[in-house]
Amino acid sequence: MFDCESKILSSEDIICFDMSEVKDEFTKLYSSFVILTWVWQKYVLKNREKKKIIVCDEAWLFLKYQESAEFLVNVARRGRKYNVPLFIRKSIY
C-alpha cells in the first residue's frame, strides 16, 4: 500500500486522498493513520505561516479504539498550537 516515497507536492493548496477502494475497516484505519501522520509532518509543519485546514472524513474509524481516538485528539490539540484546525466531517450514511 505504501511501498515507496510520495510524489505528492506538499506546496499544493489542496491535497485529497481517496480511500474508496480500501474495503477492510482495519486497513482503512491504518491507512488513515499513516496519511494523517504524513499530512502533519509534510504539510502542517513545513510552512507555519500559511493557513491550513485538515479535514478528516473517516474519523469514526479512529473513535472506535481508544489509542486511535487519543491520536486524533492529539492532532486536534497540536493543531491549535499551529493554528491548523481539524474538521471532522459527519457522515450522512
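FYI, it's all coordinate maths here, none of it is from the lab. Bear in mind that the values here come from a model prediction, so they are computed numbers and not experimental data. Cβ coordinates were reconstructed from backbone atoms using ideal geometry, including for glycine residues, and neighbour counts include every protein chain displayed.
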**Report entry** Interchain or long-range residues, amide H under 5 Å from Phe87's placed H
**Finding:** Ile54, Val55, Cys56
Query raised in the report: So which of Lys7/Lys42; Lys7/Lys51; Lys7/Lys81 end up more than 19 Å apart, counting from Cα to Cα?
Result: Lys7/Lys51; Lys7/Lys81
**Report entry** Hits among aspartates and glutamates - C-alpha to C-alpha of Lys52 under 20 Å, sequence gap 8 or more where chains match
**Finding:** Glu12, Asp13, Asp18
**Report entry** Fewest-first ranking of Leu45, Leu29, using other Cβ atoms within 10 Å as the exposure measure
**Finding:** Leu45, Leu29
